[in-house]
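In what follows, a structure is listed as structure tokens, so that the remarks can point back to it.
The values are calculated or read from the model by the stated rules, or taken from the named source; none is laboratory data. In this text the structure is predicted, and so the values were computed from the model without any measurement. Glycine gets a Cβ as well: all are built from the backbone with ideal geometry, and neighbour counts include every protein chain shown. The protein model used for the area step is the full one, side chains on, heavy atoms only, and it has no ligands, DNA or RNA in it. Shrake-Rupley method; radii C 1.70, N 1.55, O 1.52, S 1.80 Å.
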Amino acid sequence: GRQRPSGSAGSALSARSEPEFEEGPCGWGPCTPRALQLCNNPEGYLALSSLLAVAQGIVVNGLVNISISTIEKRYELNSSLAGLISASYDISFCMLSLFVSFFGERGHKPRWLAFSAFMLGLGSLIFCLPHFGSGKYEYGDKLDDTCQNSETTSTNVTCNASSKSSLQNYLYVFMLGQLLLGVGGTPLFTLGTAFIDDSVSKHKSSIYIGIGYAMSLLGPAIGYVVGGQLLNVYIDIYIPERQDTTYIKVEQDDPRWLGAWWIGFLACFFTIWILMIPFSMFPKHLPGTAKVQAEKISETHDDGSAALVQTKNIGKSFKDFPVALLILLRNPVLMSLIIASSSEALVATGFATFLPKFIENQFGKSSSFSATLGGLVLVPAAALGQVISGVLVSKYKMDLKSIIKFMISTCSVALLLNTVFLFAECRTEPFAGVSETYNGTGMLHNLTAPCNANCGCLRSMYYPVCGRDRVQYFSPCFAGCTSYVVDSDLTKIYYNCSCVGKPKMKNDSEDSLYEAVRGKCETQCEFLPFFLTTFFFAVVFTFMAVTPTTVAILRCVPDKQRSFALGVQLVFLRLLGTIPGPILFGIAIDSSCILWDIDECETKGACWVYDNKRMAYLLLGMSAACKIITIIFVVLAVYFYKPPASNKMLSQQDAEMVTSIN
């Protein structure tokens, strides 16, 4: 909001507050080289803060997410403990967000961002330290995936619930790293955004904020791509040679393979710490800030809060914290926008987590290919949506009420496009022992049948193969295959499979060259291009509400409370959106599971096979419910909003003159 006091008292106040815009040159103390002044402007600052946002995204939303499964295996953690590592970031972010945004509002914001870079770098370093403390990785002997006669197969699995590995103690180091990353992320998305809004005119700020947000989305994309490539490097770089004759060298497709998850964190530690240097050079306010601030017209919601903050000078000391927080919590426009954006965040994080899994199961693609497709849809679409909306808000010089109405229309279009899930569901492909029996033998929901009863198969080894009968089998062992060869493109082809039926397709000859081949059966579902195209536009329209929401929040609160308002929004986003989002989506997706991983110790693990129709309908139901909640609260924001009385008295000519200045 922009509260410009009127009358002689207002002029005195303005004069008194004028020195607070300490504009200065770029540099350290008396050392201010002329070359550095080329960056001493909003564009230079935006470029630098975008780099930091990209680096933060690479570490927090890219490398951490892609490394979690490797860390689970290496440090013998179960999924709930791994979830605790992920949650540690959100915990520290929530705890500190309010305090950093409250104290930093009147402080030296660029120096706060230098502190942000310091903590992000330190968090990255600490997160990769367990690799250097845990010694070399030792993998066991290779488990045979084919059918062995049970008399000769020793499957002695010891089940000891109380055994706890000393490696699990590294959990606390990972949590500390994530807590520090949370500390570093807080100033970036509160004070960093408010500093941009301070430095540019009202109608330009939406473009700058939109570009900044879009750039921050590049981080997770780069993190996933680079992190994925690093996982193709062996965890200790060099694969150890072993002397025993039974030994087969570990390959990338081996379940025992672990990738070098730690390299990315170490590289980010050095990169992020370099960014501290330029942030420490910026002045408290960029040149021209005082002029920009003087020309801004207030759009603060008219509930008396702006006058209260101005006259009582709220925010100067820590004892103002409860009052400042109460002022924001009692602002119905702000709270409506915050709840609406939290509902959107719930859907966005849910899909970011589970879209690859949806593609993998609905369309029968590999997990790596599904993750790539998911990233190619989500990241460009989200970035495009944020930039487009920022440009539109700026181009049409929208006031606060117009911005909120614009958000209603984008959310409504996104809701309509989300119905793509109704048309994208594909039938669940035949799976022996799950959706159908083994050629009429055995029972449904039981992987063991007469044809593989003597094979001594392990349920803990999910290694799907597709039979020539176009039925998927849990592993070569459960398909009853006793031998295999590796063809020229390193694909395993299995023979002598007692469970695999006759070919179903006319062009498959009875004595075809294989009985089963590694991997899932190719789906007959052709909806993938249509689904990805429609979902791309659904994401564009969903994210078109993000930049306008931030701009609306910055405008509807008193001037001195803008960073604090963003801090409050981020806490609600975490508590109502990004923390429960993946949990609720995970519960919904798990409820559509038809084959769980249950090992020899009867421990329930991940889900192997889903009911596709049920999964599609559950995702549609959840996303539609959240979109409707968003639309309701954005409509309430329009209903509650009252422009400041001083604005109502402005004549049309004055308004036009102000617009032309901006």
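What are the residues in region 356-391 that are of a type in the set (A, V, I, L, M, F, W, C) and free of Cβ contacts under 8 Å to residues at least 24 places away in the same chain, if any? Spell out the reasoning first.
The initial filter retains those residues of region 356-391 that are of a type in the set (A, V, I, L, M, F, W, C), namely 358-359, 363, 369, 371, 373, 376-379, 381-384, 387-388, 391.
Correct list: Phe369, Leu376.
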key: Enumeration of residues in region 79-109 that are farther than 11 Å from Leu171 by Cα and open to solvent by 50 Å² or more (accessible area, probe 1.4 Å)   = Ser79, Ser80, Ile91, Met95, Leu96, Phe99, Phe103, Arg106
query = In region 597-617, what residues are open to solvent by 60 Å² or more (accessible area, probe 1.4 Å) and at pLDDT 75 or above?
reply = Lys613, Arg614, Tyr617
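Mind telling me which of the residues Lys249, Lys284 ends up being in the same structural domain as Glu72 (by the TED database), at pLDDT 65 or above and among the charged types (D, E, K, R)?
Working: Lys249 fails: at pLDDT 65 or above.
None of the others qualify; the one that does is Lys284.
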ask   = Within the bounds of region 222-239, is there any residue that is touching a Leu at 6+ places or on another chain (Cβ under 6 Å), of a type in the set (A, V, I, L, M) and at pLDDT below 85?
value = yes
key: Test: residue in region 529-545 that is open to solvent by less than 40 Å² (accessible area, probe 1.4 Å) and assigned to a loop (DSSP other than H, G, I, E, B)   = yes
inquiry  = With the condition being under 16 Å from Thr271 (Cα atoms) and out of contact with any Ser or Thr (no Cβ under 7 Å at 6 or more places or on another chain), I'd like the helices (runs of 4 or more DSSP H) fully within region 25-130 carrying at least 2 qualifying residues.
reply    = 42-57
remark   = Per the list (1) within 27 Å of Tyr224 (Cα to Cα); (2) open to solvent by 30 Å² or more (accessible area, probe 1.4 Å); (3) not in a loop (DSSP other than H, G, I, E, B), residue check on Lys365 breaks on (3)
ask   = Within region 315-323, is there a residue that is outside any helix (DSSP H, G or I), surrounded by fewer than 23 Cβ atoms within 10 Å (Cβ to Cβ) and in contact with a Phe, Trp or Tyr (Cβ under 9 Å, 6 or more places away or on another chain)?
value = yes
query = Hey, any hits in region 360-383 for a residue that's basic (Lys, Arg) and touching a Leu at 6+ places or on another chain (Cβ under 8 Å)?
reply = yes
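Select from region 368-388 the residues that are open to solvent by 20 Å² or more (accessible area, probe 1.4 Å), polar (S, T, N, Q) and modelled with pLDDT of 75 or more and list them in ascending order. Give the steps one after another, and end with the answer.
To start, the set of residues in region 368-388 that are open to solvent by 20 Å² or more (accessible area, probe 1.4 Å) comprises 368-369, 371-373, 375-376, 378-380, 383-384, 387-388.
If we keep only those that are polar (S, T, N, Q) too, we end up with 368, 372.
If the condition is that a residue be open to solvent by 20 Å² or more (accessible area, probe 1.4 Å), polar (S, T, N, Q) and modelled with pLDDT of 75 or more, then Thr372 is the only one that fits.
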query = With Ala47, Ala55, Ala35 as the choices, which residue is out of contact with any strand residue (DSSP E or B) (no Cβ under 6 Å at 6 or more places or on another chain) and crowded, with 17+ Cβ neighbours inside 10 Å?
reply = Ala55
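Filter region 129-143 down to the residues that are of a type outside the set (Gly, Ala, Ser) and at pLDDT 65 or above and list them by number. Quick ask: steps written out before the conclusion?
Step one: list which residues in region 129-143 are of a type outside the set (Gly, Ala, Ser), which gives 129-132, 136-139, 141-143.
Passing the criteria: Leu129, Pro130, His131, Phe132, Lys136, Tyr137, Glu138, Tyr139.
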request  = Would you check which residues across region 408-438 are within 23 Å of the chain's Cα centre (by Cα) and open to solvent by less than 10 Å² (accessible area, probe 1.4 Å) and list them?
outcome  = Thr410, Cys411, Ala414, Asn418, Val420, Phe421
